[in-house]
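One structure below.
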Amino acid sequence: MSEEKKVQLSEAFYTQSDEEVLQKFDTTVEGLSDQEAKKRLESYGANALDEGKKKSIVVKFFEQFKDFMIIVLLFAAVISAVFSGDFVDSIIILLVVILNAIFGVIQEAKAEQAIEALKEMSSPNANIRRDGHVITVKSDELVPGDIVLLEAGDVVPADLRLLEAASLKIEEAALTGESVPVEKEATVLEGTSDDIGIGDRINMAYSNSNVTYGRGIGVVVGTGMNTEVGKIAGMLANEKETETPLKQNLNQLGKMLTIAILVIAAVMFVVGMMNGRTWIDMLLTSISLAVAAIPEGLPAIVTIILALGTQKMAKKNAIVRKLPAVETLGSTDIICSDKTGTLTLNQMTVEALYTDNEVKPATDAVAMDNMALKIMNYTNDTKIAQDGSLIGDPTETALVQYGLDHDFNVTEKVAAEPRVAEIPFDSDRKLMTTVHQLADGTFLVAVKGAPDELLKRCKEVLLNGQTPAMDDKQRQEILTTNTKLAKQALRVLGMAYKIVDAVPAEMDSDLVEKDLVFAGLVGMIDPERKEAAEAVKVAKEAGIRPIMITGDHRDTAEAIAARLGIIKEGDDDAVITGAELNELSDEAFAKVVENYSVYARVSPEHKVRIVKAWQQEGKVVAMTGDGVNDAPALKAADIGIGMGITGTEVSKGASDMVLADDNFSTIIVAVEEGRKVFSNIQKTIQYLLSANLGEVLTLFIATMLAWDTLLPVHLLWINLVTDTFPAIALGVEPAERDVMSHAPRGKKSNFFSGGVLSSVIYQGITQGALTLIVYKMAIEFPAHTAANMPNLSATALYDLQHGDALTMAFATLGLIQLFHAFNVKSIYQSIFKVGLFRNKSFNWAILVSFLLLAATILIPGFNDLFSVTSLDAYQWAIVAGTSFAIIPIVEIVKFVQRRMGKS
């Protein structure tokens with residue numbers, strides 16, 4: 001094929017005849033020549049997926065430094081080192097930033113492996129015709145125009161337009177989301193790509209789908225990135241990562257802090273210069289203020305809190321691949337869930353049996369001689385492996401499993417009444433027949449198939465052991481039951497039989513499958529998970545809206561959604577199909593997206609549209625899925641949730657979190673953990689910022705009043721010791737009791753929502769005021785020191801008094817933060833109701849922090865390093881009493897707030 005004749009592989013070949021397709025690819029049913037195949041391989045490229053650009057570990061590491069707060073911290077570290085000559089602050093800041101970057105790289109090292117996973121799914125070999133001979137080649141050597149032979153057990157190696165299909169069934173769940181294998185036909189379809197969704201293209205076989213039954217022959221019409229799987233890979237590579245609410249909030253917080261710091265520092269600088277201080281002195285003072293104001297440990301502390309959250313979630317079968325996903329779950333408004341394998345078991349199961357004019361649930365006992373039970377097991381090609389697992393078409397394995405559940409040993413039964421002839425299933429007549437030799441020398445003709453087709457061939461009906469002639473009333477009864485079962489989203493099969501004296505000489509359908517006795521109907525479904533309905537209920541109570549998205553037909557989707565409680569029974573207005581969605585523009589869809597809770601017969605593009613439509617409404621969207629077709633939507637969502645057991649490597653690679661047990665209810669457990677994590681991060685931020693505000697106000701007001709209170713080393717020690725340990729411990733606080741009883745906080749909320757900002761302000765002011773009061777007391781009342789040391793000169797007494805005042809201010813500011821840590825266990829609830837000592841990690845953190853703080857004052861030599869003095873009992877009493885005052889002050893404010901309804 002010349003370059004000029006290169007076929008556009010995106011054409012709708014399913015609407016073209018065999019001859020048209022073969023002519024377009026300049027090929028025949030005998031296949032291409034080796035020489036022509038080599039030319040096309042050069043022209044079209046290998047039948048493989050593009051790997052995409054890979055980021056090195058170094059690049060990923062430096063990308064961690066894009067965060068606004070990180071940039072500010074690095075800038076402060078450089079300025080501090082250059083102008084102060086003290087490298088301690090700078091080194092500590094750099095260590096914290098590097099630690100945070102390493103955490104990020106470790107968690108996200110595998111974030112872009114989805115394309116590689118897609119590549120690994122490719123079939124290693126394919127049976128094709130070349131030069132009229134059947135040969136086996138590697139699938140990446142396939143080219144458009146090749147003739148591929150398919151049989152049960154094969155993985156389809158490329159996109160094919162089928163030329164022949166003999167009882168061919170292909171399982172496409174990973175691509176379309178449809179749980180039942182699709183019956184394929186070599187026919188021509190009428191319509192356009194908008195009318196004929198991927199799940200309805202019965203004359204196509206798509207790359208990486210599985211042949212479960214029959215055989216077929218097809219011509220390759222798409223390879224590599226031009227296959228349907230390739231298109232998904234392209235979407236996956238081009239889909240931008242959604243910035244999580246956590247990251248957005250941290251960036252906003254960094255910007256707010258920076259602006260506030262710059263304003264305060266500028267005011268300090270100007271006022272200090274006006275008071276006669278040198279510019280270098282004021283610059284160093286401003287840097288000290290920056291050190292006090294910026295919670296340099298916050299990124300690392302948040303990372304640690306998230307990491308601890310991932311450990312807890314892992315124990316509950318939720319494996320987090322990206323740290324921010326822990327918190328994002330807590331803000332989720334919408335959970336868009338794939339049906340097959342997520343809300344359902346992805347395993348066909350018998351739901352009901354209709355015999356003797358009665359519908360019985362599958363759990364009811366059934367007699368061993370029940371003819372319907374025998375037929376469904378006899379007309380069945382399922383194989384039982386040595387480990388007891390069933391191999392075969394999911395519909396047929398469901399029937400055998402039903403028999404095994406009712407002690408019907410099909411192996412023993414068929415051994416006693418062996419199959420001696422058969423007419424295989426045919427998609428035209430929709431029936432399958434097997435003939436079995438009975439002990440008395442007669443033969444059982446067992447027929448299974450579509451009820452409407454089967455009834456046409458029945459003249460009698462089996463009722464309580466009798467076989468009366470089938471009249472119109474009985475026929476209508478069976479058809480009505482069939483319709484009823486179908487409306488419940490059950491896949492219905494009919495069973496019939498007859499006894500003959502000899503094996504038919506010719507196994508012809510018209511001769512064998514006639515004059516049958518109707519034995520019963522069996523209804524099957526891919527059932528919902530037992531725990532899924534309860535999980536949906538809990539989600540709704542938590543203000544989260546579950547949305548079901550599936551490739552299954554509308555009736556099936558609606559029935560399952562109603563059984564799960566996603567929609568009310570009969571609420572078909574809440575259901576929309578992919579074809580109907582195609583008729584809506586993005587603008588029109590955005591206006592009506594809230595009307596729909598169920599999407600049926602959808603494609604991967606639809607899933608992404610649905611996710612983005614909800615995001616445009618300002619909602620935080622989680623998307624669950626297990627198939628290749630889910631990957632783009634998983635990546636586009638605020639949080640993608642993959643399935644660990646049934647999920648493909650592609651869906652896992654595109655996910656932020658993977659459920660180890662494929663249990664929908666695990667998502668709700670993870671949501672609760674996510675809400676707890678956000679609440680704890682809020683507590684941490686409230687604690688850190690109120691403490692830092694206290695430090696800033698202490699330094700700012702003291703500078704304005706020309707008081708020499710705190711040195712940069714004091715602020716740094718307080719930040720590292722009294723801030724860090726309690727802040728981390730607050731991250732593992734138990735969840736408050738009402739965490740799942742209120743609506744999601746939504747995308748517009750931030751770390752300052754819910755009363756945090758006002759708490760930070762008044763609590764920070766209180767801490768700063770109490771610290772300055774202690775300093776002023778120590779300066780204004782020197783009588784105590786003078787009485788204890790009467791021989792000191794006035795100058796020495798002043799130096800000592802100033803040293804004591806500085807030490808008391810330092811001790812008060814540190815100790816007040818430790819007492820205040822108890823206050824932030826809850827924004828509005830009393831600490832006595834929340835529980836003072838429930839969190840053992842917190843109690844140890846407070847103790848360790850206190851010892852480290854006290855060590856700087858009490859240990860001789862160590863206090864010289866920090867320019868502090870030893871305090872006597874009287875001074876310690878003032879420090880302790882004033883510091884403890886933060887608890888009753890905050891308790892009083894909380895009490896007033898609760899009385900005002902802020903709880």
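Read-outs: derived from the displayed coordinates by stated rules, not from any lab. Only a predicted model underlies this, so the values are computations on that prediction, with no experimental measurement involved. All Cβ positions, glycine included, derive from the backbone under ideal geometry; neighbour counts span all protein chains shown.
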Task: Amide H contacts of Gly222 (H built 1.01 Å from N, under 5 Å, at least 5 apart or other chain) - done: Asp159
Open item on the list: Could you give each residue of the range 658-666 its phi-based ³J(HN,Hα) in whole Hz, using Karplus coefficients 6.51, -1.76, 1.60 with θ = phi - 60°, and x for Gly or Pro?
Closed with: 10, 8, 5, 10, 6, 9, 4, 5, 5
Task: By average C-beta atoms within 10 angstrom, highest first, the peptides 16-23, 303-310, 592-599 - done: 303-310, 592-599, 16-23
TODO: For Arg457, list long-range residues whose amide hydrogen, built 1.01 Å from N in the peptide plane, is under 5 Å from its own amide hydrogen.
DONE: none
Open item on the list: Skipping prolines and chain starts, which residues have an amide H placed within reach, meaning under 5 Å, of the one on Asp338, given they are 5 or more residues away or on another chain?
Closed with: Ile549, Thr624, Gly625
- [ ] Rounded to the nearest Å, what's the spacing between the alpha carbon centres of the range 159-219 and the range 421-473? Just the number, please.
- [x] 29
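Could you order the peptides 442-454, 424-436 from most to least packed, using the average number of other C-beta atoms within 10 Å per residue?
Numbers: 442-454: 21.1, 424-436: 19.0.
Descending mean neighbour count gives 442-454, 424-436.
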- [ ] Work out from phi, with θ = phi - 60° and the Karplus expression 6.51 cos²θ - 1.76 cosθ + 1.60, the ³J(HN,Hα) of each residue of the range 20-36, listed in order in whole Hz, and give x for Gly and Pro.
- [x] 4, 5, 4, 5, 4, 8, 6, 9, 9, 5, 7, x, 8, 8, 4, 5, 5
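If neighbour count is taken as other Cβ atoms inside 10 Å, put Trp614, Trp844, Trp717 in order from fewest to most. Please report the intermediate quantities before stating the final value.
Details: Trp614 23, Trp844 12, Trp717 19.
Neighbour counts put them in this order, fewest first: Trp844, Trp717, Trp614.
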Open item on the list: My understanding is that a pair violates if its Cα-Cα distance is over 23 Å; which of Lys537/Lys676; Lys312/Lys676; Lys487/Lys530; Lys540/Lys748; Lys169/Lys456 do that in this structure?
Closed with: Lys169/Lys456
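Taking a cut-off of 21 Å, what percent of all Cα-Cα pairs in the range 362-521 are separated by more than that? Don't jump to the answer; show the numbers that get you there.
Details: 5757 of 12720 pairs.
More than 21 Å apart: 45 percent of the Cα pairs in the range 362-521.
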Open item on the list: Sorting check: for 371-378, 347-354, which peptide has the highest mean count of neighbouring beta carbons within 10 Å, and how do the rest follow?
Closed with: 371-378, 347-354
Open item on the list: Taking 8 Å as the Cα distance limit and 6 or more residues as the minimum spacing, I'd like the relative contact order of the range 362-521 as a percentage.
Closed with: 23
TODO: Assign unit charges at the C-beta atoms only (+1 for Lys and Arg, -1 for Asp and Glu), then state the dipole size of the range 808-899 relative to its Cα centre in Debye, rounded to the nearest 20.
DONE: 700
- [ ] Determine ³J(HN,Hα), in whole Hz, for all residues of the range 213-222 in sequence, where each value follows from phi through the Karplus function 6.51 cos²θ - 1.76 cosθ + 1.60 and θ = phi - 60°; x replaces Gly and Pro.
- [x] 7, x, 9, x, 10, x, 9, 5, 10, x
